[in-house]
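S.K.: Structure incoming, see below.
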Amino acid sequence: MSHASVTLPQVLLMSRVEQLGAASLSNLAEASTTSAAALSQMIERLVQQGWLDRAEDPIDRRRKAIRITLRTGALLRRLESARSADYELGLASLSDDLRMQLAKMLERVVAEIDAASAGDRRPDAPRKKEIA
């Protein structure tokens, strides 16, 4: 990341902005553990460096819409590609049997996360205690 002169927190912020499509400071602050003041400073630096774009929201002129730039999208793709290559290299050292076990376990994890987000509950999951 240093070749692009951005920090990990900045990359995470830019990735979040990309996920949202466009965001306001308040949207980003809600999803962050960073204070709104620190987040505002980080956004300002990223705007000045050309990583983020900030423009008046056409619907609510008091709100500033924050978006990634084309340059940012390219950086995020390079980082994703490098991360994938690292994962692939790490997984290549595992035995075929262990890779198969890992794949099956990850499929179960994804299925349970999907079920939980859909409001379903595993039949064997402990029930939450209800307060009367």
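The values are calculated or read from the model by the stated rules, or taken from the named source; none is laboratory data. Only a predicted model underlies this, so the values are computations on that prediction, with no experimental measurement involved. Cβ sites come from the backbone with ideal geometry, for glycine too, and all protein chains shown count toward neighbours.
S.K.: Residues being in a helix (DSSP H, G or I), small (Gly, Ala, Ser) and free of Cβ contacts under 8 Å to residues at least 12 places away in the same chain: count how many of those fall in region 20-52. Quick ask: steps written out before the conclusion?
M.R.: Let us first name the residues in region 20-52 that are in a helix (DSSP H, G or I), namely 20, 25-30, 36-48.
Filter once more, keeping what is small (Gly, Ala, Ser): 26, 29, 36-38, 40.
Filter once more, keeping what is free of Cβ contacts under 8 Å to residues at least 12 places away in the same chain: 26, 29, 36-38.
Total meeting the criteria: 5.
S.K.: Going by what's in this entry, would Ile43 be described as surrounded by 12 or more Cβ atoms within 10 Å (Cβ to Cβ), aliphatic (A, V, I, L, M) and in contact with a helix residue (DSSP H, G or I) (Cβ under 6 Å, 6 or more places away or on another chain)?
M.R.: Against the criterion (surrounded by 12 or more Cβ atoms within 10 Å (Cβ to Cβ), aliphatic (A, V, I, L, M) and in contact with a helix residue (DSSP H, G or I) (Cβ under 6 Å, 6 or more places away or on another chain)), Ile43 does not qualify.
S.K.: Something else now. Taking region 59-103, which residues are charged (D, E, K, R) and either part of a helix (DSSP H, G or I) or touching a Ser or Thr at 6+ places or on another chain (Cβ under 8 Å) (or both)?
M.R.: Within region 59-103, the subset charged (D, E, K, R) is 60-64, 67, 71, 77-78, 80, 83, 86, 88, 96-97, 99.
Those that are charged (D, E, K, R) and either part of a helix (DSSP H, G or I) or touching a Ser or Thr at 6+ places or on another chain (Cβ under 8 Å) (or both): Arg63, Lys64, Arg71, Arg77, Arg78, Glu80, Arg83, Asp86, Glu88, Asp96, Asp97, Arg99.
S.K.: Checking Ala82 against (1) surrounded by 15 or more Cβ atoms within 10 Å (Cβ to Cβ); (2) under 19 Å from Thr7 (Cβ atoms); (3) of a type in the set (Gly, Ala, Ser), which single condition isn't satisfied?
M.R.: Checking Ala82 against (1) surrounded by 15 or more Cβ atoms within 10 Å (Cβ to Cβ); (2) under 19 Å from Thr7 (Cβ atoms); (3) of a type in the set (Gly, Ala, Ser), the one that fails is (1).
S.K.: Checking the conditions here, which among Arg77, Arg62 is without any contact (Cβ under 8 Å) to a residue 24 or more places away in the chain, closer than 15 Å to Glu18 by Cα and surrounded by fewer than 14 Cβ atoms within 10 Å (Cβ to Cβ)?
M.R.: Just one listed residue meets the conditions, Arg77.
S.K.: I would also like to ask the following. Of the numbered conditions (1) farther than 20 Å from Ala23 by Cβ; (2) modelled with pLDDT of 95 or more, Leu94 satisfies every one except a single condition; which is it?
M.R.: With respect to (1) farther than 20 Å from Ala23 by Cβ; (2) modelled with pLDDT of 95 or more, Leu94 is out only on (2).
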